[in-house]
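Please read the structure below before turning to the comments.
Since every read-out is calculated from the coordinates, none of them should be taken as a lab result. Model, not experiment: these values are computed from the prediction. All Cβ positions, glycine included, derive from the backbone under ideal geometry; neighbour counts span all protein chains shown.
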Amino acid sequence: MTDEIQWNYTDSLNYPDSLHDLMKVYDKWAPTYDIDVNGQLKGIGSKNLIKHALEFITNEESCLMLDVPAGTGRTAGHYKELGYKGKMDALEMNQAMMDVAKAKGLYRKTFIHTCTETNPLPVPDNSYDIVSSDAGLFLNHMPQGCIPHLVNAAKRGGIIIFNSRTSPENERYLETLQNVVDELVGKGTVVLKRKVEVPYGLHIMSYVFVLKKL
Ligand SMILES: C[S@@+](CC[C@H](N)C(=O)[O-])C[C@H]1O[C@@H](n2cnc3c(N)ncnc32)[C@H](O)[C@@H]1O
């Protein structure tokens, strides 16, 4: 694990608040990320998200998913392990993480892209059966304002699923995230199909949100 990540054995991993420094964390972490997260950090949030995702999709070869942020493809590997039959595209800002992901051969297409509120995704609107975001929407990572872009990428009738930590440092982030979801629901863009609290990692819980695009 990188020195920049301080694991305090209570409830949080602390990440830098500038994108530039966050990029350096993942540059350095890429080679050992899977071992650290699946091992010491007990990163079970991805499998707990995927179990819900599989309930809402038609799990067949033609199903197309966008995995954002793909990281090292760890989540995509878990999708396959848990029986997902469809195709996957990856979107991720960090080249070192993406290089590890690409080497696993799990993806159809890959996109290097930094998600911000004002930066639309480099994919056509209405093109994915499922847009899945595991461990990306939380403090100092993808801003909550990215959610409408994730929704744009989903087909009508498609699913947008994401998780976000419920640990104290992420509390305010989650409040704003909920406002973004409520606004999308209020506009009739999506319906909230599920919001459930599930284990995420060592001492950390998360909410899983499942939205359906109308
Ligand atoms: C905790 S990892 C999660 C990766 C993978 N989903 C997993 O669970 O193993 C977070 C990833 O988000 C990427 N990331 C952070 N902020 C981002 C942004 N604004 N746009 C795109 N990727 C971002 C990082 O580079 C990193 O690979």
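Worth a mention:
- Cross-link reach list, aspartates and glutamates versus Lys109, counting only Cα pairs under 14 Å and skipping chain neighbours closer than eight places: Asp67, Asp89, Glu92, Asp99
- Order of Asp67, Asp129, Asp34, Asp21 under a 10 Å beta carbon neighbour criterion, fewest first: Asp21, Asp34, Asp129, Asp67
- Residue pairs exceeding 21 angstrom between C-alpha atoms, taken from Lys51/Lys85; Lys104/Lys212; Lys104/Lys193: Lys104/Lys212; Lys104/Lys193.
- At 1.567 mPa s and 4 °C, Stokes D of the chain from Kirkwood alpha-carbon radius, µm² per second: 76 µm²/s
- Cβ crowding within 10 Å averaged over residues, with 88-100, 178-190 ranked highest first: 88-100, 178-190
- Debye, to nearest 20: dipole size of the chain, +1 on Lys, Arg Cβ, -1 on Asp, Glu Cβ: 820 debye
- Most positive-pole-ward Cα, Tyr84, Ile50, Gly186, against dipole of the chain from beta carbon charges: Tyr84
- Annotation for the range 8-82 versus the range 112-172: alpha-carbon center distance of 13 Å.
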